[in-house]
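Read the structure below first, then the notes.
The values are calculated or read from the model by the stated rules, or taken from the named source; none is laboratory data. Predicted model only: the values in this text are computed from it and were never measured. Note: ideal-geometry Cβ built from the backbone for every residue, glycine included; neighbour counts use all protein chains shown.
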Amino acid sequence: MRIVEKAQLMSASEIDRTLQRLAHEIVEKSGGTKHLAMIGIRRRGVPLAQRIAQAMRGIDGVDVPVGTLDITLYRDDLSKVASHAVLQSSDISFGVDNMNLVLVDDVLYTGRTIRAAMNGLFDLGRPKRVSLCVLIDRGHREMPIEAQFTGRVVQTSPTEIIEVRLREIDNEERVVLVDRVE
Amino acid sequence: MTHRFRDLLALEPLNADELTFLLDQSKSFQEIQRHPLKKLAVLRGKTVALAFFETSTRTRISFGTAASRLGADTMNLQAEASSLKKGESLLDTVHTLDAMKPDCLVMRHAASGAPEFVARHLEIPVINAGDGTHEHPSQGLLDALTIRDRKGTIENLNVTILGDIKHSRVARSNIHLLGKFGCRFTLCGPAMWVPKELEEIGASGTQVRRVFRIEEALEDADVVLALRVQNERLHEPALSLNDYILLYQLSAERMRHAKADAIVLHPGPLNRGIEITPEVADSPQSCVLEQVTNGIAVRMALLFLLAAGGSEDDGQQATGASPPRNRRSTDQKDATDRKDVKDSSHASH
């Protein structure tokens, strides 16, 4: 089986513009940045959440707190992966009670990651509202979960993979659609 | 990099890389102790058998709490109430427990090597919760985690161990673990408790020296581990309790010989006024309560790693097949038997 790159979905500047737009949308829908906090889901949700928070500083001049969440312990397939799961730490230094939290991830697919993230968040307290922001929504949901803030919707087949490559992690900056070919 | 562990029977056979992995995994569970809601579901539906053939309060409660915070159920066997009193053999007892289908056995026993013996006869993972004078691996790990949190590292530290080292499995697990990170050990106590052969117990290259004057033993120490004095092991008139206090008690005045930022560990339960003064036990240098909290995190990490199971049928992430568990019979005991990590493999990403 080979992995072939089929198409580039977003360039670096398109990613940047999309994050700017998402930052505006979140501030608009939330009526400002009061009680607002971003929670990046490890790994690629983390730099995305930080960049959106940075864009918000440009809009409102306010530092929106950013936390990171490792969902490994909340995965529903953990019994299959436990023996080689490498646990990362979560880092949410603010109280989540009564906060307006925006979960941030790179790709929304089955919805299981978001289900796990919500379980993790509710172990920390009782947020007032939790919404979801993703760079790419690729469909094929297995849970009743939708994103309130979406960068781009992409139609995909189940064998295809969306790879979000970010400079903080991958040393390049673009979104590509790849496929597994026998 | 990840590692596969079958059992955790001792720290001696583990290398620095494997030990670091265990400490890193524990870190995530330290966070959970700070959550308002401390319960996870990762071991939901699993059962952890706690078999304490030697009485224990804190280790048993710590493992039990760790299991319950992971969502597991526990079955408890305690020495006083067990059928051992009725003459059942160890092997019959653990086979009976095993027939109740637990997913993991946590075991303490007064005989060194008992958990290893049991592990050879059971399919399920066995965690040694202290065996005789051999090892207490989870205590060694929680001590190292506590030291790493306070000092930022467990490398190249001067570690002074005080008290009855000869009979201490805690001291042995600490030396086996910290010795692999270049720590140097000074053992101090009455000569009958610090025999010469202890100088050889670490891995080759581990510096272990014996010193019989406590002020000298504390000189330049980064970490001081005070062990519990067990009254029944004091042999009057060779050594009375008063003599021990006079010669070896860890007092604030004696602590001044250690480095200014030295920390004090004690596995508990504390004998205030005997091996340690209340002043030292309650000082900011003392890590006694952090050790207790970290104990739950370490034990959660161990249970998660060993009892969560899985991966055998999951070829997608693990490279290198995991061989089926093959228990050797007792008569085939050989040197590799002590190797607790039966297989370690790397995840593909």
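Quick one: is B:ALA81 modelled with pLDDT under 95, surrounded by fewer than 24 Cβ atoms within 10 Å (Cβ to Cβ), closer than 30 Å to B:THR186 by Cβ and not basic (Lys, Arg)? No.
Restricting A:VAL27, A:VAL107, A:VAL62 to those that are closer than 23 Å to A:GLN148 by Cβ and in a helix (DSSP H, G or I) reduces the list to A:VAL27. Among residues of the range A:46-91 being farther than 15 Å from B:LYS27 by Cα, within 14 Å of chain B (Cβ to nearest Cβ) and of a type in the set (Asp, Glu), the one that is surrounded by the fewest Cβ atoms within 10 Å (Cβ to Cβ) is A:ASP77.
The rows are residues; the columns are (1) within 16 Å of the chain's Cα centre (by Cα); (2) at the interface with chain B (Cβ under 10 Å from one of its Cβ atoms); (3) over 13 Å from A:MET38 (Cα atoms); (4) not hydrophobic (A, V, I, L, M, F, W, C).
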| position | (1), (2), (3), (4) |
| --- | --- |
| A:PHE94 | no, no, no, no |
| A:TYR109 | yes, no, yes, yes |
| A:ALA116 | yes, no, yes, no |
| A:ASP123 | no, yes, yes, yes |
| A:LEU132 | yes, no, no, no |
| A:ARG138 | yes, no, yes, yes |
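Which members of the range B:26-65 meet the condition of being within 14 Å of another protein chain (Cβ to nearest Cβ), surrounded by 22 or more Cβ atoms within 10 Å (Cβ to Cβ) and in a helix (DSSP H, G or I)? Within the range B:26-65, B:SER26, B:PHE29 qualify. Does B:ILE161 qualify as being crowded, with 23+ Cβ neighbours inside 10 Å, hydrophobic (A, V, I, L, M, F, W, C), farther than 19 Å from B:PRO269 by Cα and in contact with a helix residue (DSSP H, G or I) (Cβ under 9 Å, 6 or more places away or on another chain)? For B:ILE161, the condition - crowded, with 23+ Cβ neighbours inside 10 Å, hydrophobic (A, V, I, L, M, F, W, C), farther than 19 Å from B:PRO269 by Cα and in contact with a helix residue (DSSP H, G or I) (Cβ under 9 Å, 6 or more places away or on another chain) - is not met. Counting residues in the range B:3-11 that are within 9 Å of chain A (Cβ to nearest Cβ), part of a loop (DSSP other than H, G, I, E, B) and exposed (fewer than 15 other Cβ atoms within 10 Å of the Cβ) gives zero. Screening B:ARG150, B:ARG169, B:ARG120 for residues that are without any contact (Cβ under 8 Å) to a residue 60 or more places away in the chain and either basic (Lys, Arg) or not assigned by TED's automatic domain parsing to the domain that holds B:VAL298 (or both) leaves exactly one candidate, B:ARG169. In this structure, does B:GLN78 turn out to be within 14 Å of chain A (Cβ to nearest Cβ) and more than 15 Å from B:ALA307 (Cβ to Cβ)? Judged against the criteria, B:GLN78 is not a match. For the range B:103-113, taking the residues that are touching an Asp or Glu at 6+ places or on another chain (Cβ under 9 Å) and surrounded by 21 or more Cβ atoms within 10 Å (Cβ to Cβ), the one that is farthest from B:LEU305 (Cα to Cα) is identified as B:HIS109.
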